[in-house]
Amino acid sequence: MLNQPTLVDQFGRTVDYIRLSITDRCDFRCVYCMSEDMTFLPRDEVLSLEECARLIKIFVHLGVSKVRITGGEPLVRKNALWLFEEVGKLDGLNELVLTTNGSQLEKQAAALKSAGVKRINISIDSLQAERFKKITRTGDLNKVLTGLQASIDAGFDGIKINTVLMRGSNDDEAADLVQFAIDQKIDISFIEEMPLGEVDHTRESTFVSNADTLKLLQSKYSLLPSTETTGGPARYWRVANTKTKVGFISPHSHNFCESCNRVRITCKGELYLCLGQEDKIDLMPLLREFPDDDAPIITAILNSMRIKPKGHDFDLRRAQPAVIRFMSHTGG
């Protein structure tokens, strides 16, 4: 095991955080994330769970200390718990975290906690059942809230709600969602809608700036600026006299690239160096060509640091999305 990180990009930023998608499949069809009629990858074009575990072990060997498992919806992947159990015991890994839509948590929360998952992010874009169903197209709010309670009962180190506000859809619920988080003694982050993939609306028409959301919330709550971080791009404010932090992930109104410490791996084994750019390295062919030799994969990962871009530049006025691939492909 190396004693210090070796993943440093051409701009001097240390990469110590990976986000790995283990499936592009999901039991929801959120309107900002994917189209209603999605075509998913054939099974043989998706990393096996053993390949996922191998990649994570390699990255941890290279100094990565935080791993987030994402999808699609990662918990719809058969035997996903095995991966969490395999990775959760790795020396050098400080944080194993999960992003989920919450639909499977009622049954799996306790086992995930036992496997070593430290923190969990649950996507909840509305507290109104009919509206939630409209945004997710297939989701059941009650099932998600039951899963949230199961997670609270399981005792994770941290639980956070992720919310994407869309103008004319759910932007009137910002304060209600914060109050819900306060009542549950958990955190919440607002994520600006990202122009990834072709969807059924224009992003400019539904975009809600986090600056506007912050201003609204400051009129209702005493928000104290915080230097706290969970290692990702969110900037946090603490709600006075509560246990709740409110985070803002703002790829449009605040470009957070100067401190980027992460890369993303798709379920196809594509190593994307930036969420908003197409620079990538294909790791799956190397995994399968060299099943017993990690050296070529390590070399490819080290070399990828040379092409990690300085940042992204999202422009909502473009007729086409900034990136054609869906968020569900890259990993949420």
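The values are calculated or read from the model by the stated rules, or taken from the named source; none is laboratory data. Note that the coordinates shown come from a computational prediction; the quantities given were computed from them, not determined experimentally. Cβ: placed from backbone, ideal geometry, glycine included. Neighbour counts: every protein chain shown.
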In the stretch 245-273, the residues that are surrounded by 22 or more Cβ atoms within 10 Å (Cβ to Cβ) and at pLDDT below 70: Pro251
All-but-one check, Ile152 against (1) touching a strand residue (DSSP E or B) at 6+ places or on another chain (Cβ under 7 Å); (2) touching a residue at least 40 places away in the same chain (Cβ under 8 Å), failing number (2)
Step by step: first the residues of the stretch 274-308, then only those that are in contact (Cβ under 8 Å) with a residue 40 or more places away in the chain and part of a loop (DSSP other than H, G, I, E, B), then the one that is surrounded by the most Cβ atoms within 10 Å (Cβ to Cβ). Which residue is that? Leu283
Val31 - would you say it is within 16 Å of Ile301 (Cα to Cα) and either part of a loop (DSSP other than H, G, I, E, B) or aliphatic (A, V, I, L, M) (or both)? no
Answer with yes or no whether Ser103 is out of contact with any strand residue (DSSP E or B) (no Cβ under 7 Å at 6 or more places or on another chain), of a type in the set (Gly, Ala, Ser) and under 25 Å from Thr266 (Cβ atoms). yes
Could you identify the single residue in Val31, Val46 that is out of contact with any Pro (no Cβ under 8 Å at 6 or more places or on another chain), among the β-branched types (Val, Ile, Thr), more than 19 Å from Asn162 (Cβ to Cβ) and buried (at least 16 other Cβ atoms within 10 Å of the Cβ)? Val46
Specify the residue that is modelled with the lowest pLDDT; the eligible residues are those in the stretch 299-321 that are under 25 Å from Asp16 (Cβ atoms) and among the hydrophobic types (A, V, I, L, M, F, W, C). Phe314
Looking only at the stretch 128-145, count how many residues are surrounded by fewer than 16 Cβ atoms within 10 Å (Cβ to Cβ) and within 20 Å of Ile182 (Cβ to Cβ). 1
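Yes/no matrix, rows are residues, columns are (1) closer than 29 Å to Arg131 by Cβ; (2) touching a residue at least 40 places away in the same chain (Cβ under 8 Å):
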{"position": "Thr23", "(1), (2)": "yes, yes"}
{"position": "Phe28", "(1), (2)": "yes, yes"}
{"position": "Ser35", "(1), (2)": "yes, yes"}
{"position": "Met38", "(1), (2)": "yes, yes"}
{"position": "Glu45", "(1), (2)": "no, yes"}
{"position": "Glu50", "(1), (2)": "no, no"}
{"position": "Ile69", "(1), (2)": "yes, yes"}
{"position": "Arg77", "(1), (2)": "yes, yes"}
Number of positions in the stretch 97-120 that are without any contact (Cβ under 8 Å) to a residue 60 or more places away in the chain, surrounded by 24 or more Cβ atoms within 10 Å (Cβ to Cβ) and not aliphatic (A, V, I, L, M): 2
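Okay, residues lined up against (1) modelled with pLDDT of 95 or more; (2) of a type in the set (D, E, K, R); (3) surrounded by 15 or more Cβ atoms within 10 Å (Cβ to Cβ):
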{"position": "Arg167", "(1), (2), (3)": "no, yes, yes"}
{"position": "Ala174", "(1), (2), (3)": "yes, no, yes"}
{"position": "Lys185", "(1), (2), (3)": "yes, yes, no"}
{"position": "Pro195", "(1), (2), (3)": "no, no, yes"}
{"position": "Asp200", "(1), (2), (3)": "no, yes, no"}
{"position": "Lys215", "(1), (2), (3)": "yes, yes, no"}
{"position": "Leu224", "(1), (2), (3)": "yes, no, no"}
{"position": "Glu228", "(1), (2), (3)": "no, yes, no"}
In the stretch 23-56, what count of residues is obtained for those that are under 13 Å from Met284 (Cα atoms) and either acidic (Asp, Glu) or touching a Cys at 6+ places or on another chain (Cβ under 9 Å) (or both)? 7
